[in-house]
1. For segment 111-131, enumerate the residues that are touching a residue at least 12 places away in the same chain (Cβ under 8 Å), surrounded by fewer than 20 Cβ atoms within 10 Å (Cβ to Cβ) and within 23 Å of residue 181 (Cβ to Cβ).
2. Specify the residue that is surrounded by the fewest Cβ atoms within 10 Å (Cβ to Cβ); the eligible residues are those in segment 239-267 that are at pLDDT 85 or above and closer than 21 Å to residue 73 by Cα.
3. Considering only residues of segment 69-86 that are at pLDDT below 95 and closer than 30 Å to residue 130 by Cα, which is surrounded by the fewest Cβ atoms within 10 Å (Cβ to Cβ)?
4. Whether any residue in segment 65-76 is at positive phi, in contact (Cβ under 8 Å) with a residue 24 or more places away in the chain and out of contact with any helix residue (DSSP H, G or I) (no Cβ under 9 Å at 6 or more places or on another chain) is what I want to check.
5. Could you grab me the full set of residues in segment 200-222 that are in a loop (DSSP other than H, G, I, E, B), closer than 17 Å to residue 141 by Cβ and either within 15 Å of the chain's Cα centre (by Cα) or at pLDDT 85 or above (or both)?
């Protein structure tokens with residue numbers, strides 16, 4: 001069913017859309033794009049003049065959800081065991097997502113990649129052009145502070161108080177995108193958007209700096225139960241967690257950042 005909402009009218013108007021835009025968010029079993037799977041996808045599809053279609057879908061991934069992932073999104077194995085598998089919804093989702101613009105927070109480095117991987121597994125060809133991506137994290141990184149809670153506070157003057165969920169993040173992303181389009185008239189220009197989404201500027205999601213972000217020279221967690229806590233704070237409160245990360249299956253870059261922090265505060 002299509003709905004009308006003036007909030008989304010502005011996105012369509014500011015971007016002068018020639019095709020629909022989908023603002024979406026995925027929750028997954030883990031962060032490995034090649035092997036992990038989607039367990040929740042929520043989307044808001046905006047057509048011309050603000051007509052929208054939205055849904056929030058859960059999947060049985062047919063594999064265990066990592067404890068680290070559950071710590072972020074709160075979805076447990078028991079919550080998805082009776083849900084449909086991705087293949088059962090693949091045609092419906094392909095019809096919805098095909099030939100659109102795509103927006104959300106960090107979709108260029110993760111959500112679009114893992115969604116394409118899911119489609120490939122079940123025999124669907126889902127592809128997109130970098131010119132179709134309007135990643136609010138890319139805009140935010142280019143013009144403002146970082147992380148979804150900081151973006152929401154910066155643009156919307158509100159704090160995120162609700163527990164993390166895919167639909168909530170998609171709604172928040174839509175609200176931020178409206179504010180960005182109001183604040184930065186240059187992003188209504190497709191050439192500017194293409195420049196900041198250039199594939200050559202993409203960072204690997206699995207690189208160390210995707211586990212952390214920097215504010216004023218201080219390192220903060222971008223994931224886990226300590227999301228948005230500084231490394232110094234975690235070192236002082238739960239050094240065992242950092243020691244566990246050094247033993248676990250994290251990238252060399254991530255472990256180097258942890259080791260450097262431990263060495264720094266040991267002194």
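1. 128, 130, 131
2. Ranking the candidates gives 244 first.
3. Selected residue: 72.
4. Yes, the conditions are met somewhere in segment 65-76.
5. First, pick out the residues of segment 200-222 that are in a loop (DSSP other than H, G, I, E, B): 202-207, 211, 216-217, 222.
Restricting the remaining residues to those that are closer than 17 Å to residue 141 by Cβ gives 202-205, 207, 211, 216-217, 222.
Listed by number, the residues that qualify are 202, 203, 204, 205, 211, 222.
The rows are residues; the columns are (1) at pLDDT 85 or above; (2) touching a helix residue (DSSP H, G or I) at 6+ places or on another chain (Cβ under 9 Å); (3) farther than 30 Å from residue 62 by Cβ.
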residue: 107; (1), (2), (3): yes, yes, no
residue: 117; (1), (2), (3): yes, no, no
residue: 124; (1), (2), (3): yes, yes, no
residue: 134; (1), (2), (3): yes, yes, yes
residue: 139; (1), (2), (3): yes, yes, yes
residue: 160; (1), (2), (3): no, yes, yes
residue: 171; (1), (2), (3): yes, no, no
residue: 178; (1), (2), (3): yes, yes, yes
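The values are calculated or read from the model by the stated rules, or taken from the named source; none is laboratory data. Since the model is a prediction, treat every value here as computed from it, not as a measurement. In this analysis, Cβ positions are derived from the backbone assuming ideal geometry, glycine residues included, and neighbour counts consider all displayed protein chains.
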